[in-house]
1. By DSSP, what percent of the beta bridges with both residues in the stretch 145-219 are antiparallel, rounded to the nearest 5?
2. With a 1.4 Å probe and every protein chain kept in, tell me what percent of the accessible surface of the chain is carbon plus sulfur.
3. Can you tell me what share of the DSSP beta bridges in the chain is antiparallel? A percent to the nearest 5 is fine.
4. Please report the net charge: other residues with Cβ closer than 10 Å to the Cβ of ALA181, K and R +1, D and E -1.
5. Name the long-range amide H neighbours of ASN382: under 5 Å, sequence gap of 5 or more, or other chain; modelled H, no Pro or chain starts.
6. Once the other residues with Cβ under 11 Å from the Cβ of LEU291 are scored (Lys, Arg +1; Asp, Glu -1), what is the net sum?
7. Skipping prolines and chain starts, which residues have an amide H placed within reach, meaning under 5 Å, of the one on SER250, given they are 5 or more residues away or on another chain?
8. Using Cα-Cα distances under 8 Å and only pairs 6 or more residues apart, what relative contact order does the chain have, in percent?
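The values are calculated or read from the model by the stated rules, or taken from the named source; none is laboratory data. This structure is a prediction, so every number in the text was calculated from the model and none was measured. Neighbour counts are summed over all protein chains in view; Cβ atoms, including those assigned to glycine, are modelled from backbone coordinates with ideal geometry. All accessible areas refer to the heavy atoms of the entire protein, side chains included, with ligands and DNA or RNA removed. Shrake-Rupley method; radii C 1.70, N 1.55, O 1.52, S 1.80 Å.
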Amino acid sequence: MSADLVSRLAAILGPSGLLADEADMASYAIDWRRLFPGRPLCVARPASTAEVSEVVKACRAAGAAIVPQGGNTGLAGGAVPDASGGQVVLSLTRMNKVRAVDPVGLTISADAGCILKVAQDAAAEAGRLLPISLAAEGSATLGGVVSTNAGGVNVVRYGMARALVLGLEVVLADGTIVDMARQLRKDNAGYDLKQLFIGTEGTLGIVTGAVLRLVPRPRHTVTALLSVPSPQAALDLLALAQEELGDTLSAFELMSGYSFDLLKRHLNLTPPIASGDWFVLLEAGASLSGLREAAEAALAAALENGTALDGVIAETGAQATQLWALREHITDGEAREGKSMKHDVSVPIVDVPAFLEAADIAIENGAPGAKVNAFGHLGDGNIHYNVVLAPGQDGAAINTLVHDVVARFAGSISAEHGIGQYRVDELLLRRAPAEIALARTLKTALDPDDFLNPGKVLPAGG
Ligand code: MLT
Ligand code: ZN
């Protein structure tokens, strides 16, 4: 039966569209952090939406589950197959074209496998901005960005991927193509069905194309790094920045002194300002002039009232890139330090300082010797509260400690990385039974045979 399916898929896709050799499939079988190894039956690489539909129908007829995959840059193992050797990875990476850019209507349409950076560049060429920015943008695909409702560093101004999706084209579990790739800003004609496929990690349907919202490209950008005495001071700085820079504020990132310690020790990266216990990297963009003056005034006010201890505003684009490099290399520095447990949590923005204090106490008491690498998107309440383990420490117990604190603040155990296979069990524990039941109702309605990405978001078999 498996051999029959492989030949059937080869007939649909042609020689460049199917991989069945173990060596060829290796990079599709495991996530990039190598935490979730799997073994696919084969990797289908369709070149069109019609081919996706044919692949779905063939797999369904053969009873082989499908695991959709984009750039495979996720952090929760949502795009890799299980170890059964029976699942088909459906890679969208050959469907990689920008379909159209409309600089007046401010939209970009693209295939699901289009790399985020390619779409950003296409928007920039038209003088517009696709305002999704994340570390993996050179390999992440738009389909993956949409299917995981990706976040990143610009959420404070532009929202998560969901806020930018105007239209989608999807293939359902029975192979039906649903073309909702409309460019409309307003569309209240019935249920907003595209929402079913945003952030649901390929468990309800396969995104094959997307229309995203663009914004005018700001002519002026300011990027500043500040050291601050505490998370509460960082929050006060956020309030000041909102006051002084208004809605031009596009990034507001918090980083701990320990994050910078890792940067220095492992990557020889140091900040161009006096160190503090915490750091903030902020960015603002505007087309009208006066932004830099406003940022300078805000920085002066923060230094004056003690909210900030030191600070610098980038003078050039190259300096701005250097400041961002500090933020972007934290994960790398952490990986070189040793084994860590990642926690991608969110709490109400005003509760971040209290959350950090409570979580630190929980770790000090419950896991002495562990080191907390806390950093993230303070502007939207999302903290990467990563814990570097001391030798012999139990990662799962630390997970529970941190997520119990998250629960006290009515927060989320996955702010932007999704559930994938990594947090399926925890989701069941942490979300109310009524919410899980509703999620199951949706899954059963759209994919009654648990054929699309089984075992992701919800447990396999329901
Ligand atoms: C980031 O914002 O850098 C990533 O989402 C964090 C991570 O790798 O944990
Ligand atoms: Zn992040």
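1. Expressed as a percentage, antiparallel bridges in the stretch 145-219 total about 100.
2. On the way: 10440 of 19330 Å².
Carbon with sulfur: 54 percent of the solvent-accessible area.
3. Working: 59 of 68 bridges.
Percentage antiparallel, nearest 5: 85.
4. On the way: positive: ARG99, ARG182, LYS194; negative: GLU169, ASP179.
Net local charge, ALA181 excluded: +1.
5. HIS377
6. Working: positive: ARG219, ARG292; negative: GLU244, GLU283, GLU293, GLU296.
Neighbour charge sum, excluding LEU291 itself: -2.
7. Here GLU283, ALA284, GLY285 satisfy the definition.
8. For the chain, the relative contact order is 15 percent.
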